[in-house]
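S.K.: My questions all concern the structure below.
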Amino acid sequence: MTKNSQFAFKTETKQLLDLMVNAVYSKKEIFLRELISNASDALDKLRFQSLTDDKLRPLAEDLHIRLTPDKENEALTISDNGIGMNKEDLIDFLGTIAKSGTKEFLKAIKSSQEDKSQFIGQFGLGFYSSFMVAKKVEVLTKKAGEEQAYLWTSEGGDSFSIEEAEKETNGTDIKLYLKSEPESKDEDDADSAETWIDFTDEYEIKSIVRRYSDFVAYPIKMKTTRTYPKTDEEGKVIKDTEPETVVDDETLNSMKAIWLKKESEVTDEEYKEFYRHISSDWMEPLKWFRFNVEGLTGSFSALLFLPKHQGLMAYMPDAPGGIQLYVKRVFIMEDCKELIPDYLNFVKGVVDSADMSLNISREILQEDRHIQVIRKTLTRKVLDTLYEMLTKENDLYNEFYKSFSRNLKIGITRDYENQEKLLRLGLFNTTKSVDEPTNLDSYIERMPEEQKEIYYLSGDSIETLKSSPHIEKAKEKGYEVLLLTDSFDEVWTTYVTNYKNHPMVSLAKTEIETGSEEDKKKREEEIKEKSAEMKDLLTALQENLKDSVREVKVSGKMLSSLACLNLSAHETSPRMEALMKAAGQKVEPTKRSLELNPEHPLMNNLLELYKKNPEDPRIKDFSNLIYAQAVLAEGGTLSNPSEVNKIVTDLMEKAIGE
Ligand code: ADP
């Protein structure tokens, strides 16, 4: 008995279907690309499962895709003998939106005021794109290894139906009942911009397959007809006879791996199609490059793509994509994580190795020597290509950097071997280059001769950093300072000691030495004297601030500011502490040293006040204010804002009252 059940589409699917049914889009033929791509995935799945499931092994032979146009009934069927679907699969996969890219598409369409049809081509819309050309779709399918076949039917309205059906072999036949050619064409109608294509026409089908699916790894077959004039045994044409019709079973695609074709034979369009095929990205790639390596340790070819944006990876670290591994042109696995370090997980593409065993398993990949060599080479090639972009295609590189700077910074902390290569890819705002970020090599070129170190300061905003007491001396000397405002800058900088033999130094931890050795000595003397002169005052201030700072001392670090908070070389900065806290770690706040500028007029006044009466209650208030000022100067937040407010208000009241 045949059971027929009716199901409603989920809201999102319904929205997408409406869009497809009413689509005004000039490249409706992409539906074929999408269905062929699904068929190719279904064949991959069967082949892969047959490796571990003996029952399926006999089914994984002669895997192919077949197109069957039916002119009479205005229909086109796309068949595969792949994994197939059972009833649950049909409900799960063809009732909801599986493709995450499609959700992005819906979002983009909803927020756009512009012509919505332009979006259609940018996204891989999967199965539902068939409703651009079909008024009714039937999916007849049988899952490999199961007995029961099912027929899924929908006319693109609110619902679909599933009934039990007969099908001899495993796999899926998708039959599209095509929309007919519009009868009249209204010149003013936007629809008339579309040229109607007859998708049962052999020539049309062939050219669409060649354009979009030539590299698909399975044969895409179609029965094609040719007519010959009748000939006799000697091959001479027999006059006045009806021509003979021959039916060929033609393979429409070359199946030639795009990365093995000569570079001159592959067009940009083909690369873009291939990228679309292997990635979950709905945008074009930013850049692609390929290379062959032939060496003693192994030979391989690679075709790699850099995406334009983080895309799904931003919120789905395991989004499909990554690098596919082939061995001697045979597809081995999707997203082979061992081929590229984590921090470069945005790179997509294909690696085809000539030396590995075909039945390499995921478990032993990590130890495989070839894989390690490939990984090293890919890493180097990606970093070198990025550097080339930075130097030669600056705009393109900036676009890349906007999306992927965090990946490179993570690399700095994890890939010591390539640290220098990663550092040279960094773009930074500096005291001299705020509008257009600079890289470290240009920074070094601009360094005055006597400057040996690369200085940086990190904080929440460029504005606070630019007016920070920590950079006063550097400014005076004409030394450029990198202004680091990304919170992760706190992290990677702790992993770097130098770049190209120039120590990288945080101005929150160091004092810039200016002048000659003699000057330096003289200044040290002065500081010593001042420290001695202010000893009791400093002790009193420290006593007042003992909960907040490690020590209070005078220093020659500042020129015009009164105070700043300093860390010693290995201490953790407050921003770093905040990051660690956010990551759920317990952190004891580091107490920093409060450094005072002895040349500041206020210091002398404070000293006078203290000398007159060490018990003066104002000393306590002033120490709180000095500390608050130092915290605010670096863009920090006060732990006791109301107390500080009260002190300031009282002071103002008194000042006005005097
Ligand atoms: P996507 O292919 O990106 O997942 P689709 O909407 O095109 O999105 O397809 C949804 C799902 O339906 C696929 O993930 C797959 O599981 C299933 N599917 C589609 N076509 C086939 C097919 N020819 N054979 C087996 N399963 C299929």
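S.K.: Given just the C-alpha atoms of segment 487-615, how large is their convex hull per residue in cubic angstrom? Spell out each step's value before the answer.
M.R.: Working: hull volume 16.5 nm³, N = 129.
Value for segment 487-615: 128 Å³ per residue.
S.K.: While we're looking at this one, here's another question. Give me the 1.4 Å probe accessible area per residue for the chain, excluding ligands and nucleic acids, in Å².
M.R.: Working: 34440 Å² over 658 residues.
With all protein chains present, the chain gives 52 Å² per residue.
S.K.: Quote the charge dipole size of segment 519-657 about the Cα centre in Debye, to the nearest 20; the model charges only the Cβ of Lys and Arg (+1) and of Asp and Glu (-1).
M.R.: With Lys and Arg at +1 and Asp and Glu at -1, about 300 debye.
S.K.: Then there's this: For segment 519-657, with the dipole built from +1 on Lys and Arg beta-carbon atoms and -1 on Asp and Glu ones, taken about the Cα centre, which of 607, 555, 625 lies farthest toward the positive end?
M.R.: 555
S.K.: So how do 633-643, 382-392 stack up, highest first, on mean other-Cβ count within 10 Å?
M.R.: Values: 633-643: 14.1, 382-392: 16.9.
Ranked from most to least packed, the peptides come out as 382-392, 633-643.
S.K.: Of 379, 332, 307, which is farthest towards the positive pole of segment 263-390's charge dipole, taken about the Cα centre with +1 and -1 on the beta-carbons of Lys, Arg and Asp, Glu respectively?
M.R.: 379
S.K.: In whole percent, and with a 1.4 Å probe on the protein chains, what portion of the accessible area of the chain is carbon and sulfur? It would help to have the intermediate numbers written out before the result.
M.R.: Working: 16630 of 34440 Å².
Its accessible area is 48 percent carbon and sulfur atoms.
S.K.: 222 nm [θ] for the chain, helices only, -39500 (n - 2.57) per DSSP H run of 4+, per residue, to 500? Kindly include the intermediate steps, with their values, before the conclusion.
M.R.: Working: 21 runs with 241 residues, N = 658.
After summing the helix terms and dividing by the residues of the chain, the value is -11000 deg cm²/dmol.
S.K.: What residue among 259, 652, 176 has its Cα farthest toward the positive end of the dipole of the chain, where the charges are +1 on Lys, Arg and -1 on Asp, Glu, each on the Cβ?
M.R.: 652
S.K.: Next question. What pairs in 142/221; 143/328; 557/612; 71/223; 221/256; 27/221 have C-alpha atoms more than 18 Å from each other?
M.R.: Working: 142/221 20 Å; 143/328 29 Å; 557/612 28 Å; 71/223 13 Å; 221/256 15 Å; 27/221 23 Å.
Beyond 18 Å: 142/221; 143/328; 557/612; 27/221.
S.K.: Then there is this: Sort 239-250, 40-51, 159-170 by the packing proxy (mean of other Cβ within 10 Å over each peptide's residues), most packed first. Provide the component values of the computation, followed by the final result.
M.R.: Working: 239-250: 9.8, 40-51: 19.0, 159-170: 15.2.
Answer by packing, highest mean first, reads 40-51, 159-170, 239-250.
S.K.: Taking the Cβ of residue 270 as the center, what net charge do the other residues with Cβ under 14 Å away carry, scoring Lys and Arg +1 and Asp and Glu -1?
M.R.: Working: positive: 33, 210, 211, 256, 261, 262, 272, 276, 290; negative: 214, 263, 265, 268, 269, 273, 284.
Overall, the nearby charge balance is +2.
S.K.: What are the equivalent ellipsoid semi-axes of the chain, built from the alpha-carbon gyration tensor (square roots of five times its eigenvalues), in whole angstrom, biggest first?
M.R.: Values for the chain, descending: 69, 28, 23 Å.
S.K.: Would you list which lysines come within 19 Å of residue 553, measuring only between C-alpha atoms, while excluding same-chain residues fewer than 8 positions from it?
M.R.: The reachable lysines, counting only those whose Cα sits under 19 Å from residue 553, are 473, 509, 520, 521, 522, 528, 530, 535, 591, 611, 620.
S.K.: Looking at the chain, what % of its DSSP beta bridges pair antiparallel, to the nearest 5? Could you put the intermediate results ahead of the total?
M.R.: Numbers: 73 of 93 bridges.
The antiparallel proportion sits near 80 percent.
S.K.: Roughly how many Å² of residue 146 are accessible to a 1.4 Å probe, to the nearest 10?
M.R.: The accessible area of residue 146 comes to roughly 80 Å².
S.K.: Oh, and also: About its Cα centre, what dipole magnitude does segment 428-514 give when the only charges are +1 on Lys and Arg Cβ and -1 on Asp and Glu Cβ, stated in debye to the nearest 20?
M.R.: Working: 9 positive and 17 negative charges, 34 e Å.
Taking the Cα centre of segment 428-514 as origin, the dipole is about 160 debye.
S.K.: Once you charge only the Cβ atoms, +1 for Lys and Arg and -1 for Asp and Glu, what is the size of the charge dipole of segment 136-183 about its Cα centre, to the nearest 20 debye?
M.R.: So the magnitude is around 160 debye.
S.K.: Ordering 132, 652 by how much accessible area each has at a 1.4 Å probe, largest first, what is the list? Intermediate values should be presented prior to the final figure.
M.R.: On the way: 132 0, 652 110 Å².
Result, largest first: 652, 132.
S.K.: So what is the orientation-averaged projected area of segment 428-514, using the convex hull of its C-alpha atoms, in nm²?
M.R.: Details: hull surface 21.0 nm².
Reported value for the Cα convex hull: 5.3 nm².
S.K.: Cα to Cα, under 23 Å, and not fewer than 8 places away if on the same chain: which lysines meet these conditions relative to residue 392?
M.R.: 272, 287, 308, 348, 381, 402, 409, 421, 432, 500
S.K.: What does the highest-first list of 256-266, 469-479 look like by mean Cβ count within 10 Å?
M.R.: Values: 256-266: 13.8, 469-479: 18.8.
Ranked by mean Cβ neighbours within 10 Å, highest first: 469-479, 256-266.
The values are calculated or read from the model by the stated rules, or taken from the named source; none is laboratory data. All values reported here derive from a predicted model rather than from experimental measurement. Virtual Cβ from ideal backbone geometry, glycine too; neighbours counted across all protein chains shown. Please note that ligands, DNA and RNA were not included when accessible areas were found on the heavy atoms of the full protein model with its side chains. Shrake-Rupley method; radii C 1.70, N 1.55, O 1.52, S 1.80 Å.
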